1. Taking the conditions exactly as written (outside any helix (DSSP H, G or I) and within 20 Å of Tyr131 (Cα to Cα)), does Val334 satisfy them or not?
2. Residues that are over 18 Å from Ala198 (Cβ atoms), within 14 Å of the ligand (Cβ to nearest atom), surrounded by 18 or more Cβ atoms within 10 Å (Cβ to Cβ) and free of Cβ contacts under 8 Å to residues at least 60 places away in the same chain: does region 124-133 have at least one?
3. Please go through region 203-228 and give me each residue that is among the basic types (Lys, Arg) and either part of a loop (DSSP other than H, G, I, E, B) or under 24 Å from Lys190 (Cα atoms) (or both), ordered by number.
4. Go through region 295-314 and give me each residue that's in contact with a Leu (Cβ under 9 Å, 6 or more places away or on another chain), more than 16 Å from the ligand (Cβ to nearest atom) and farther than 16 Å from Ser385 by Cβ.
5. Give region 274-286 a look and list any residue that's without any contact (Cβ under 8 Å) to a residue 40 or more places away in the chain and charged (D, E, K, R), or say none.
6. Asp98: in contact (Cβ under 8 Å) with a residue 24 or more places away in the chain and either of a type in the set (A, V, I, L, M) or closer than 30 Å to Asp381 by Cβ (or both), yes or no?
7. Residue by residue through region 221-242, note down the ones that are in contact with a strand residue (DSSP E or B) (Cβ under 8 Å, 6 or more places away or on another chain), under 14 Å from Leu85 (Cα atoms) and not hydrophobic (A, V, I, L, M, F, W, C).
Amino acid sequence: MQGTQPGSYAPILNNNVASNNMNIPFVDLKVQYQRIKTNIDGAIAQVIEETCFINGHFVKEFERDFATLYGVKQVIGCANGTDALYVIMKMLGIGEGDEVITVANSWISSSETISQTGARPVFVDVHPDYYSLDESLLEARITSRTKALIAVHLQGQACAVDVIKEICHRHGIYLIEDCAQAHFSEFKGKRTGLHGIAGTFSFYPGKNLGAYGDAGCIMTNDDALAEKCRMYANHGALKKPDHRIEGINSRLDTIQAAILGAKLPYILEWTEQRIRNAALYDKYLADIKDIVLPRKRPDTKHTYHLYVIRCKQRDGLMSFLKDQGIETAIHYPVALPNLPAYKYLGYTPADFPVATRLQQEILSLPMFLELTEEQISYVTDKIRSFYKK
Ligand SMILES: *Cc1c(COP(=O)(O)O)cnc(C)c1O
């Protein structure tokens, strides 16, 4: 099976030069590494040199620097973004008999962690224009058992967090923001992750701030809650063997913390570059009537973790682009309540008409900050030629 491993792309064929073929991966992590190789290699080498493999100053420094840059009091490193959601819910006392609301279209972490606590996930359909939680449907899903809402800022775009926050406040439920796709996004000038009791982040390699393995964190301005989370994610102890509670092992890996620390100085500039790339897509795609471009919510800073179009003949377009060397993806092909994993909740696709329709129409185009204008123009030319056929 040589040459067919995931992530390996066929070389540009010499006999194809005349047709100007390009190979464009969905995400290219290699270009970034090559650009900052000395910093990354140096950071990894230093961890090994110091044999400082668990916690230690690298983790503390990354937590401190990320908190300072973001403008929050506390950052608690975790093993990944999924655990970050689980840990914060556990430390807010969520468990058996409770309900937690989240959105019908997201990565499964947003709902599986609710079940992990013993609570029941309750889904809300998505907004037809912005593809994240439809705030007008939220209140109808709140019951006396509802303890929290996980608001997912999907694709890098904030949900209507002002309306959502007001509803949560009025019903006395916690607002947790899942910012795994929304590092440095903003709603009305305030960064996502700072609007509720806590924000959770993933540093999965392909995320806007990515480690070289699994990593994540929780952020909060509540010092006491932060201490609980820190304890719980480290076997219930701030220092061994002082186990005040039983916990789990979900520490931010030290090598990952050092890598993230090496990337942090670039992240604001990288975020702006993603926004510029999205603007180029907008410009080059503007004349194609068969697709709907991502719509930006007013008063937000969309950081384009994903650039998602809606299109006719989605599957046809996707395989046509693949044949042209362009890798695209679907986020997500099946809305959460329609997954076999949630059959037990007894929903039908008709309960989530927008999410169910979108799962047939959405397509994520290649998006990473190192995309060149030439690559964007190649992708958009191919999309145009598909609809001209
Ligand atoms: C990636 C992601 C997560 C989970 O992050 P991991 O670090 O992979 O565990 C959670 N929520 C959303 C919306 C994500 O995209």
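The values are calculated or read from the model by the stated rules, or taken from the named source; none is laboratory data. In this text, all values refer to a predicted model and were calculated from it rather than measured experimentally. Counting neighbours? That spans all protein chains shown, and the Cβs are built from the backbone with ideal geometry, glycine included.
1. Working: outside any helix (DSSP H, G or I): yes; within 20 Å of Tyr131 (Cα to Cα): yes.
So Val334 passes the test.
2. Keep residues of region 124-133 that are over 18 Å from Ala198 (Cβ atoms), which gives 124-132.
Subset that is within 14 Å of the ligand (Cβ to nearest atom): 126, 131-132.
With surrounded by 18 or more Cβ atoms within 10 Å (Cβ to Cβ) added as a condition, the list becomes 126, 131-132.
When the remaining residues are screened for being free of Cβ contacts under 8 Å to residues at least 60 places away in the same chain, the result is 132.
Looking through region 124-133, at least one residue is over 18 Å from Ala198 (Cβ atoms), within 14 Å of the ligand (Cβ to nearest atom), surrounded by 18 or more Cβ atoms within 10 Å (Cβ to Cβ) and free of Cβ contacts under 8 Å to residues at least 60 places away in the same chain.
3. Filtering region 203-228 for residues among the basic types (Lys, Arg) gives 207, 228.
Scanning region 203-228 gives a single hit, Lys207.
4. If we filter region 295-314 for residues that are in contact with a Leu (Cβ under 9 Å, 6 or more places away or on another chain), which is where we start, we get 305-311, 314.
Filter once more, keeping what is more than 16 Å from the ligand (Cβ to nearest atom): 309-311, 314.
Residues satisfying the conditions are Arg310, Arg314.
5. Of region 274-286, the ones without any contact (Cβ under 8 Å) to a residue 40 or more places away in the chain are 275-276, 279, 282-283, 286.
Once the filter is applied, which keeps residues that are without any contact (Cβ under 8 Å) to a residue 40 or more places away in the chain and charged (D, E, K, R), region 274-286 yields Arg276, Asp282, Lys283.
6. On the way: in contact (Cβ under 8 Å) with a residue 24 or more places away in the chain: yes; either of a type in the set (A, V, I, L, M) or closer than 30 Å to Asp381 by Cβ (or both): no.
In short, no.
7. We begin by selecting, within region 221-242, every residue in contact with a strand residue (DSSP E or B) (Cβ under 8 Å, 6 or more places away or on another chain); these are 221-223, 225-226, 229-231, 233-237.
Right, trim to under 14 Å from Leu85 (Cα atoms) and you get 225-226, 229-230, 233.
Correct list: Arg230 only.
One line per residue, one yes/no per condition, for (1) more than 15 Å from the ligand (Cβ to nearest atom); (2) among the polar types (S, T, N, Q); (3) surrounded by fewer than 22 Cβ atoms within 10 Å (Cβ to Cβ):
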position: Tyr174; (1), (2), (3): yes, no, yes
position: Cys179; (1), (2), (3): no, no, no
position: Ser185; (1), (2), (3): no, yes, no
position: Gly189; (1), (2), (3): yes, no, yes
position: Gly193; (1), (2), (3): no, no, no
position: Ala198; (1), (2), (3): no, no, no
position: Phe203; (1), (2), (3): no, no, no
position: Gly210; (1), (2), (3): no, no, yes
position: Gly213; (1), (2), (3): no, no, yes
